[in-house]
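J.: Below is a structure I'd like to ask you about.
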Amino acid sequence: MSGLCLAAAALSVALPLQSFTLAWTHSIEKIRWEEDYRIVDQRLQLVEARVRGHGAGMEPPEGAVLKDGVWHYRPALPPLPRVQLARSSYVADYEMCWDGLCRPMKDIAGPVEKVPVVELFPCDTP
């Protein structure tokens with residue numbers, strides 16, 4: 001069965017997921033961003049993105065639709081083999097959401113001080 005793997009240094013976590021949301025808060029504007037991914041043909045397909053406002057360097061792209069105060073859009077990206085997350089103790093950490101629950105990245109990958117970079121990629125899971 002295919003799923004999602006997270007890897008960094010000595011860390012390796014396999015999650016039996018076909019879709020998930022990656023969320024974070026902009027370091028300056030303190031506005032939440034969300035990206036929905038789906039695993040398609042062993043690649044990560046970014047299906048939709050949302051931003052709950054706009055500000056410094058955060059203008060919604062052309063074609064974005066405002067619904068209930070949230071801009072929704074579909075980034076024009078091809079399916080990706082991997083997504084690399086650079087983490088910092090100076091800003092709020094990433095969250096991963098699936099099955100209706102969001103989990104802090106520290107609960108999945110460990111503290112940012114020990115795991116400053118996490119890679120997400122499709123993999124086989126038990």
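J.: Suppose the filter is under 22 Å from Ile28 (Cα atoms), touching a residue at least 60 places away in the same chain (Cβ under 8 Å) and touching a Phe, Trp or Tyr at 6+ places or on another chain (Cβ under 9 Å); does Val117 pass it? If you could, list the steps in order and put the result at the bottom.
T.: Details: under 22 Å from Ile28 (Cα atoms): yes; touching a residue at least 60 places away in the same chain (Cβ under 8 Å): yes; touching a Phe, Trp or Tyr at 6+ places or on another chain (Cβ under 9 Å): no.
Taking the combined requirement at face value, the residue does not satisfy it.
J.: I need every pair where a residue in segment 5-19 that is within 11 Å of Phe121 (Cβ to Cβ) has its Cβ under 6 Å from the Cβ of a residue that is hydroxyl-bearing (Ser, Thr, Tyr) and part of a loop (DSSP other than H, G, I, E, B), sequence separation at least 6 or different chains.
T.: Ala14/Thr125
J.: Restricting segment 86-99 to residues that are assigned to a strand (DSSP E or B) and in contact (Cβ under 8 Å) with a residue 40 or more places away in the chain, which is farthest from Tyr37 (Cα to Cα)? Give the derivation first.
T.: The initial filter retains those residues of segment 86-99 that are assigned to a strand (DSSP E or B), namely 86, 95-98.
Still in the list and also in contact (Cβ under 8 Å) with a residue 40 or more places away in the chain: 95-98.
Values: Glu95: 13, Met96: 11, Cys97: 10, Trp98: 10 Å.
Per the criteria, the residue is Glu95.
J.: So for segment 25-39 (the condition being under 17 Å from Val115 (Cα atoms) and modelled with pLDDT of 90 or more), does at least one residue qualify?
T.: no
J.: Further question on the same structure: Can Asp36 be described as within 18 Å of Ser2 (Cα to Cα) and out of contact with any Leu (no Cβ under 9 Å at 6 or more places or on another chain)?
T.: no
J.: Considering segment 66-85 alone, what residues qualify as being surrounded by 15 or more Cβ atoms within 10 Å (Cβ to Cβ) and without any contact (Cβ under 8 Å) to a residue 24 or more places away in the chain?
T.: If the condition is that a residue be surrounded by 15 or more Cβ atoms within 10 Å (Cβ to Cβ) and without any contact (Cβ under 8 Å) to a residue 24 or more places away in the chain, then Val70, Trp71 are the ones that fit.
J.: Residues of segment 28-65 being assigned to a loop (DSSP other than H, G, I, E, B) and within 15 Å of Met105 (Cβ to Cβ), which ones? Give the derivation first.
T.: Kept after step one, since they are assigned to a loop (DSSP other than H, G, I, E, B), are these residues of segment 28-65: 28-31, 41-42, 52-64.
The answer is none; no residue qualifies.
J.: Right, here's the next one. Give the residue that is surrounded by the fewest Cβ atoms within 10 Å (Cβ to Cβ), with candidates limited to residues of segment 8-50 that are touching a Cys at 6+ places or on another chain (Cβ under 9 Å) and more than 22 Å from Ala92 (Cβ to Cβ).
T.: Per the criteria, the residue is Ser12.
The values are calculated or read from the model by the stated rules, or taken from the named source; none is laboratory data. Quick caveat: nothing in here was measured; it's all calculated off a predicted structure. When we count neighbours, we look across all protein chains shown, and the Cβ atoms used for this are built from the backbone with ideal geometry, even at glycine.
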